Structures are given as C-alpha cells and as structure tokens.
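Notes follow the structure.
The values are calculated or read from the model by the stated rules, or taken from the named source; none is laboratory data. Please read these numbers as outputs of a predicted model, since none were measured by experiment. Counting neighbours? That spans all protein chains shown, and the Cβs are built from the backbone with ideal geometry, glycine included.
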Amino acid sequence: MDDADTATLVDRTDVVIVGSGFGALATAKKLAKAGTPFVLISETTEHLFQPLLYQVATGVLSPGEIAPSVRAILAGYPNADVRLGRVVDVLPEENTVVYEAGGQRLRLGYKYLVAATGARQAYFGRDEFADLTYALKTVEDAEKLRRQIVRCFEEAHVTTDAERRKNLLSFIVVGAGPTGVELAGQIKELAQRYFAENIGNIRADDVTVTLVEGADKVLPPFGGKLSEYSKESLEKSGVDVVLGTMVTDIDEHGATLTTPTTEETRRLTAETIIWSAGIQANDFADVLAERTGCETVRGGRLLVDPDFTVGRSDNIFAIGDMVTLDNLPAQSPFAMQGGRHVAKMITGKVAMGTPFQYKDKGSMAIINRFRAITRVGKIELTGFIAWVLWLAVHLVYLVGFRNRYIAVMSWCGSFLGHRRPHFYYAQDAVPVPAAEKEEPAAKDEPESDKEPVRTSA
Ligand SMILES: Cc1cc2nc3c(=O)[nH]c(=O)nc-3n(C[C@H](O)[C@H](O)[C@H](O)COP(=O)(O)OP(=O)(O)OC[C@H]3O[C@@H](n4cnc5c(N)ncnc54)[C@H](O)[C@@H]3O)c2cc1C
C-alpha cells in the first residue's frame with residue numbers, strides 16, 4: 001500500500017506552505033496580511049536566519065537570537081495556522097499533502113501549495129564525507145561546530161603530544177563561497193583575538209586554517225577585483241588559500257587535495273574539516289519532481305516555470321533554494337522575492353502565470369572583522385564601509401527588535417572587545433584508556449570498584 005493511503009484526511013485550507021525559512025515566511029507574511037487562510041507546516045519551529053549561523057558557531061550570538069519562533073512571528077493573524085511536522089508526500093490530483101506530525105501521518109487538502117523546503121550540503125556522490133566533516137546549515141550544525149572549535153583549543157592547551165597539538169590546531173574549510181570564506185576568516189580571527197589572548201601557550205601562528213576551492217578564485221560569483229580583494233584579505237589574516245584544487249578524499253585525520261592542472265596530490269592533516277562546497281535540494285524536491293513530472297538539475301533542484309509553478313501543476317509552486325530559475329543565486333533575496341510573488345498571484349494582486357522578475361539589490365559577503373565586499377549595480381565596495389553595510393543590512397533583516405538589540409550588543413562586545421559570550425563547552429566524561437593513566441590500577445583491585453577517570457566537571 002502507498003504511504004499516502006495510510007494517512008488520515010484531517011482538514012482543508014486555502015494555502016499550504018511547507019517550510020519556515022526565508023521563502024516560506026515571506027509568503028506567509030503576505031498571505032497573513034491579506035487575510036487568506038493558510039497552514040504553514042515546518043519540521044522546525046523556528047525561522048532560521050542562516051546568514052548569521054557562523055556567529056553562532058564562533059560564539060558571538062546564541063541560537064535564539066537568530067532563530068525566532070515562527071508561531072510567535074505569525075501570532076497576530078487568526079488566518080495563520082502553524083504546524084510542526086514533516087511533509088512527506090503530495091497527491092496533486094487530490095490537492096492534498098501528506099505530513100507526519102505528533103507520531104501520526106496526516107492529510108491536508110489545499111487550493112494552492114507553496115513549497116519552500118530549502119537545501120542541504122551537497123557531497124557530490126561522496127556522502128560518506130558528511131560523517132567526517134562539519135557543516136553549517138542548521139542550528140544543530142552551528143552548535144556542533146562551536147563545541148568542536150572550543151574542544152580543539154582546550155585540548156591543544158593541555159596535550160603533551162606535539163603532533164596531536166598540531167592536528168587540533170589545524171582547520172580545513174572546503175569551498176570558498178560566502179560560508180567558507182566567513183568561517184575561514186572567523187576561525188583565524190578567533191585564534192588571534194580570543195584564544196591567543198585567553199590561553200597562554202597558544203599563539204595565533206600555531207593555528208593553521210586552509211581554505212580549499214575547486215575554482216580559480218575566492219567567492220567565484222563576485223569575480224574580478226572583489227574576489228582578488230577577498231583572497232588578499234584572507235591571506236593577510238593568515239589563512240592559506242588553495243585555489244583550483246579539489247578535496248578528493250577525507251578521513252578522521254585529514255584530507256587529500258588534488259590539483260587537476262598539475263596532477264599534484266598532497267595530504268593535509270587536521271582534526272576539523274568544514275564542508276561548504278555546494279547545495280543539494282532537500283528531499284521534498286524529489287517528491288515534487290516525481291509527482292508532478294518536474295525536471296531537476298544538478299543538486300536535485302527543481303527547474304520551475306517562470307511563475308514558479310512546478311511540472312504539470314498550475315496550483316503547486318516551489319521557491320527558494322530548492323529551485324532554479326534563470327540562474328538566479330540561491331540566496332535569501334531570491335527566496336523572499338519568490339515568496340512574495342507567489343503570494344501576490346494567490347491573493348489576486350497579480351494575474352496567475354505572471355513571470356517572476358528578480359530585483360537585484362546587490363550582493364555582499366563578509367570576510368572577517370572590518371572587512372567585507374559589496375556590489376550594488378556597478379558600485380563595488382571593499383573593506384570597512386562594506387563591512388558596516390553588511391552588518392546594517394543583516395540587522396535589518398534579522399526578525400524581532402529584541403534580537404536586533406542583542407545582536408548589536410554582542411557585536412560591540414566581540415568586534416570592538418574580545419568577548420565571545422556563547423563559548424561554553426563541557427568535556428564529555430570519557431574514561432581515559434588505561435595506557436594513558438598516570439597511576440596503573442592496583443593489581444588486586446576488583447574490576448567493579450574501578451571508576452572512569454573524570455577529567456572535567
Ligand atoms: C551559512 C549560510 C550563510 C548564508 N549567508 C547568506 C547571505 O549572507 N546572504 C544571502 O542572501 N543568503 C545567504 N545564505 C543563503 C540563504 O540562507 C538561503 O538562500 C535561504 O535560506 C533560502 O531560503 P529557503 O526558504 O529556500 O530555505 P531555508 O531557509 O533553508 O528553509 C527551508 C525550510 O524548510 C523546512 N523543511 C525542509 N524540508 C521539510 C519538509 N519535508 N517538511 C517540512 N519542512 C521542511 C526547514 O525546516 C526550513 O524551515 C546563507 C546560507 C547559509 C547556510
């Protein structure tokens with residue numbers, strides 16, 4: 001029996017929105033204001049502001065400050081119904097989605113469906129890399145990376161093994177897109193401005209950060225002077241930038257790099273490898289492709305029509321990172337503008353079938369403290385002005401006055417001072433192997449009386 005057949009039909013609404021990211025929230029806000037009844041189903045309760053995830057990973061901000069509750073954002077609208085659940089199927093001929101929530105499989109009927117389920121990291125056929133590397137897509141990813149960074153510095157501080165110390169203080173970042181660049185810049189900055197200040201026996205030069213990129217430039221979509229500036233800024237701060245090179249293998253102790261033009265292969269050891277080398281549409285894109293006959297491109301992204309309709313359906317829309325349209329960048333403005341466009345068609349503000357027109361308001365990327373790049377039309381800015389602009393724009397888009405206020409306070413503490421208020425970490429109480437214990441256990445001690453050695457509270 002098909003999975004969908006086992007689900008119970010619960011109810012019907014005008015619009016079902018799937019997801020709670022930039023695309024979904026932009027659609028929801030427009031529908032909410034227009035009084036259109038809708039149900040937003042998302043597998044996370046929060047609206048995650050991904051562009052500031054790196055600040056969670058590096059202890060500047062806490063997750064709550066960049067991930068407000070969607071329910072709270074839409075609380076003032078009686079026509080909005082937010083449900084925590086995972087949408088697993090769609091039956092276009094019945095205008096019904098199937099979702100899992102609270103341990104049940106449920107059905108929900110719609111007049112229009114708007115999918116905005118985003119993307120995850122792509123490993124280009126090497127899925128085993130996912131378990132060997134750190135990613136930066138979700139709050140859990142950022143917290144896991146933050147714990148790893150702190151652990152590496154704390155253990156490097158006390159280890160007596162020089163080789164291990166070197167590995168603990170070596171970081172490889174794969175992919176020189178915005179995420180890779182900001183992480184490489186931040187880790188080096190952490191070494192210089194936080195750990196070297198706070199841990200007596202660690203100098204900034206002991207920390208190696210290698211940024212590896214397959215293309216021949218940093219931040220490839222920018223190109224020209226802006227890419228050049230970004231590379232120089234990273235190198236000036238001590239990041240090793242390796243271009244035109246692929247990571248061809250990864251294990252627990254490091255990575256193998258291959259440069260196709262010279263056929264040179266080399267190995268780098270590192271305890272931490274961060275993967276930010278491309279995106280792959282989340283699973284629901286596959287379901288939509290199969291159910292509507294929509295074509296997909298590299299990374300499983302849906303090749304939608306110019307009005308965001310999907311395959312054979314004229315009442316199913318997909319927006320944001322899960323789709324591709326006119327080669328527009330998979331960034332938040334594309335998701336938000338797409339969401340608003342679809343909402344306008346649904347509420348009759350523009351005719352159904354109206355092709356989407358992207359308004360390019362410019363792009364920006366942050367490199368490190370006081371350095372960023374910005375392009376607005378023909379104007380290109382670098383350095384401090386671009387950095388202030390980056391902070392200002394991201395502050396405006398951060399949801400909620402309280403979060404903005406806290407972000408400004410945290411930025412002052414971290415960028416002007418040396419504070420990382422969210423760097424907390426407690427070592428797991430893992431028993432130290434017998435060979436590493438200083439005192440061998442007494443021979444006649446009964447096995448059951450031995451306690452694992454606790455190395456931290
Ligand atoms: C680290 C990082 C930094 C970035 N920096 C920038 C930047 O500086 N500027 C910029 O413009 N863009 C930036 N981006 C890209 C930007 O965040 C994305 O383009 C944007 O989030 C895409 O929005 P979306 O709505 O398509 O998907 P997302 O925001 O990813 O939202 C997807 C939503 O779908 C939900 N979901 C997934 N599957 C299901 C399912 N089956 N059922 C229910 N819910 C589901 C998820 O829980 C999530 O809520 C960055 C991204 C990352 C990861």
For this session: For residues that are of a type in the set (A, V, I, L, M) and without any contact (Cβ under 8 Å) to a residue 60 or more places away in the chain, scanning just the range 331-356, find the one that is nearest to the ligand (Cβ to nearest atom).
Result: Met345
Seminar exercise, completed: When the range 133-170 is checked residue by residue, the ones that are of a type in the set (A, V, I, L, M, F, W, C), crowded, with 17+ Cβ neighbours inside 10 Å and away from the ligand (no atom under 16 Å from the Cβ) are Val150, Cys152, Phe153, Ala156, Leu168, Leu169
Exercise. Which of the following residues is touching a residue at least 60 places away in the same chain (Cβ under 8 Å) and either hydrophobic (A, V, I, L, M, F, W, C) or more than 30 Å from Ala67 (Cβ to Cβ) (or both): Asn201, Asn167?
Worked result: Asn167
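Here's a check for you: in the range 11-26, which residue that is assigned to a loop (DSSP other than H, G, I, E, B) and near the ligand (Cβ under 6 Å from one of its atoms) is surrounded by the most Cβ atoms within 10 Å (Cβ to Cβ)?
As a first pass, look at the range 11-26 and keep what is assigned to a loop (DSSP other than H, G, I, E, B): 13-14, 19-21.
Going one step further and asking which of them are near the ligand (Cβ under 6 Å from one of its atoms), we end up with 19-21.
On the way: Gly19: 31, Ser20: 29, Gly21: 27.
Ranking the qualifying residues of the range 11-26, first place goes to Gly19.
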For this session: Give the range 112-166 a look and list any residue that's among the small types (Gly, Ala, Ser) and closer than 30 Å to Asn95 by Cβ, or say none.
Result: Ala115, Ala116, Gly118, Ala119
Problem set entry | Residue list for the range 41-85, restricted to those being charged (D, E, K, R) and over 17 Å from Asn282 (Cβ atoms) | Glu65, Arg71, Asp81, Arg83
Problem set entry | Residues within the range 313-330 that are surrounded by fewer than 23 Cβ atoms within 10 Å (Cβ to Cβ), near the ligand (Cβ under 10 Å from one of its atoms) and of a type in the set (Gly, Ala, Ser), tallied | 1
For this session: Return the residue satisfying two criteria in turn: it lies in the range 27-43 and is more than 17 Å from Asn315 (Cα to Cα) and more than 8 Å from the ligand (Cβ to nearest atom), and of such residues it is surrounded by the fewest Cβ atoms within 10 Å (Cβ to Cβ).
Result: Gly35
Exercise. Can you name the number of the only condition in (1) outside any loop (DSSP other than H, G, I, E, B); (2) exposed (fewer than 15 other Cβ atoms within 10 Å of the Cβ) that Gly200 fails?
Worked result: (1)
For this session: Check Gly417, Gly383, Gly413 and return the single one that is over 22 Å from the mean Cα position of the chain (by Cα) and at pLDDT 85 or above.
Result: Gly383
Problem set entry | Any hit, the range 86-96, residues being farther than 30 Å from Gly180 by Cβ, surrounded by fewer than 16 Cβ atoms within 10 Å (Cβ to Cβ) and touching a residue at least 12 places away in the same chain (Cβ under 8 Å) | yes
Problem set entry | Enumeration of residues in the range 355-366 that are modelled with pLDDT of 95 or more and either touching a Ser or Thr at 6+ places or on another chain (Cβ under 7 Å) or loosely packed, with under 14 Cβ neighbours inside 10 Å (or both) | Pro355, Gln357, Lys359
Exercise. Could we say that Phe195 is crowded, with 22+ Cβ neighbours inside 10 Å, part of a strand (DSSP E or B) and away from the ligand (no atom under 15 Å from the Cβ) here?
Worked result: no
Problem set entry | Qualifying position, being in contact with an Asp or Glu (Cβ under 8 Å, 6 or more places away or on another chain), hydrophobic (A, V, I, L, M, F, W, C), more than 30 Å from Leu398 (Cα to Cα) and not in a loop (DSSP other than H, G, I, E, B), among Val56, Val98, Val88 | Val98
Exercise. Among the numbered criteria (1) more than 10 Å from the ligand (Cβ to nearest atom); (2) aromatic (Phe, Trp, Tyr); (3) closer than 20 Å to Ser332 by Cα, which single criterion is violated by Tyr123?
Worked result: (3)
